[in-house]
1. Hey, any hits in the range 252-265 for a residue that's at pLDDT 95 or above, within 30 Å of residue 123 (Cα to Cα) and not aliphatic (A, V, I, L, M)?
2. From 177, 165, grab the single residue that is modelled with pLDDT under 90 and farther than 30 Å from residue 348 by Cβ.
3. Select, from 298, 208, the only residue that is of a type in the set (A, V, I, L, M), under 17 Å from residue 348 (Cβ atoms) and touching a Phe, Trp or Tyr at 6+ places or on another chain (Cβ under 6 Å).
4. Using beta carbons and a limit of 7 Å, which pairs, at least six apart or on different chains, have the first residue in the range 24-47 and under 18 Å from residue 13 (Cα atoms) and the second one in a helix (DSSP H, G or I) and among the basic types (Lys, Arg)?
5. Kindly establish whether residue 171 is within 19 Å of residue 340 (Cβ to Cβ), at pLDDT 90 or above and either assigned by TED's automatic domain parsing to the domain that holds residue 259 or within 18 Å of the chain's Cα centre (by Cα) (or both).
6. Could you grab the pairs with beta carbons closer than 9 Å, sequence gap of 6+ or different chains, first residue in the range 162-183 and over 19 Å from residue 136 (Cα atoms) and touching a residue at least 40 places away in the same chain (Cβ under 8 Å), second one of a type in the set (A, V, I, L, M) and part of a loop (DSSP other than H, G, I, E, B)?
Amino acid sequence: MIGTLNKKSGIAKHIQLKNILTNLIANEYSTGQRFHSERELMRAFNVSSLTVSQAMKSLVADGIVERKIGGGTFIKKSGEDVLFMSNNIVPFVLYVNVPPQDNIANIDPLNWFISSEIRRGIINFFNGKIKMLSTSDILKETKNQNNYCILINPTEDEAKTAANRNKRLVCIDVDSRLKSSTNNITWNCLSGIHQLIHYFKKAGHHKIALIAGSTQVHKKRIDAFRASCETLNIPCSPEYIKLISSGTKKAGAEALLKLLALGKDRPTAVFVDTDIKASGAVEAAIASGLRVPEDISIAGFDDIPDAKSMNPPLTTVKVPYYEMGVQAVKRLISLPATTNCTSIKTELLIRKSTGKNNF
């Protein structure tokens, strides 16, 4: 046995015991091997049956050991898998890609926010050394097939090359451009958009418009909007759908003005597929003499940091970028047992830019 309990540390004995057993399993056991009985642990550490029972229940809950009725306790995870889950610093470097230094000035604020939130989730959840390089530098440096890597929004070729050069690889497919679904983390826009359209309908809105990007990246949001309207029996009129190539506030404002030009047939609620464009739409509505949300409801998508401080605070569909980073680390822990795609749901955040239809 390794480690002893410190009765003067102030840390509960069952927590100390769990940490000691976790280190023991990580360093001296292999998956499937039989583990000590509770009676053996009581004698070895001179602790009560309650202390051992609490420690073992925690190990079972973490998926480190499993208990078979009448058959004993067996190791479910060992080695690096357990080190990931313990409070110890893991003994290897995790590679995470960042934009090349010479391209940082060309990254738009939304993409910068997305990648920063994902990396924040990775950094906060991974208990070890992280090396951040451009994707090309990671591919140059990881050639011995014994590395650990998380790639944010790689191309298909980058993902394939990295898969051949890393022991464990997880790809975070922000723009849904990877053909393979193996070891990918992505997000599902339908859940949050459906919540928003359902909320609009309950608030009495039946003239609901969409302002969205015209590129392939935005296609799933457009499809989700149309599918939600169809499911909820809301007319999806062509004149209520404005597809624009630019993602700026100005573009959002101009698209909103085109909707207002419909006069008495204008929409009473508008879904804009980014918060940045939505902020422009709100400003254009107010500049046109309308009150938000009394005269027109406007909602965005993404939940950027400025969304809740806008005037009025912006209702939006939150994309869980931070959680995608966390889930990528969890996926790295579970490999190779889990190799399918993890899709994280979006959710509606209701603020002050939307309300009841007063017309």
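The values are calculated or read from the model by the stated rules, or taken from the named source; none is laboratory data. If you're wondering where the values come from, they're calculated on a predicted model, not measured in any experiment. In this analysis, Cβ positions are derived from the backbone assuming ideal geometry, glycine residues included, and neighbour counts consider all displayed protein chains.
1. Within the range 252-265, none of the residues are at pLDDT 95 or above, within 30 Å of residue 123 (Cα to Cα) and not aliphatic (A, V, I, L, M).
2. Numbers: 177 fails: farther than 30 Å from residue 348 by Cβ.
None of the others qualify; the one that does is 165.
3. Working: 298 fails: touching a Phe, Trp or Tyr at 6+ places or on another chain (Cβ under 6 Å).
Selected residue: 208, the only one of 298, 208 that is of a type in the set (A, V, I, L, M), under 17 Å from residue 348 (Cβ atoms) and touching a Phe, Trp or Tyr at 6+ places or on another chain (Cβ under 6 Å).
4. Here the result reads 47/13, each pair linking the range 24-47 to a residue that is in a helix (DSSP H, G or I) and among the basic types (Lys, Arg).
5. Details: within 19 Å of residue 340 (Cβ to Cβ): yes; at pLDDT 90 or above: yes; either assigned by TED's automatic domain parsing to the domain that holds residue 259 or within 18 Å of the chain's Cα centre (by Cα) (or both): yes.
Against the criterion (within 19 Å of residue 340 (Cβ to Cβ), at pLDDT 90 or above and either assigned by TED's automatic domain parsing to the domain that holds residue 259 or within 18 Å of the chain's Cα centre (by Cα) (or both)), residue 171 qualifies.
6. Note: pairs meeting the criteria are 183/335.
Here's the yes/no breakdown for (1) over 27 Å from residue 316 (Cα atoms); (2) in contact with a helix residue (DSSP H, G or I) (Cβ under 7 Å, 6 or more places away or on another chain):
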position	(1), (2)
153	no, no
179	yes, yes
184	no, no
198	no, no
201	no, no
212	no, yes
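Yes or no, residue by residue, for (1) part of a helix (DSSP H, G or I); (2) modelled with pLDDT of 90 or more; (3) under 21 Å from residue 76 (Cα atoms); (4) not assigned by TED's automatic domain parsing to the domain that holds residue 79:
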position	(1), (2), (3), (4)
1	no, no, yes, yes
4	no, no, no, yes
8	no, no, no, yes
22	yes, no, yes, no
26	yes, no, yes, no
31	no, no, yes, no
42	yes, yes, no, no
50	yes, yes, no, no
53	yes, yes, yes, no
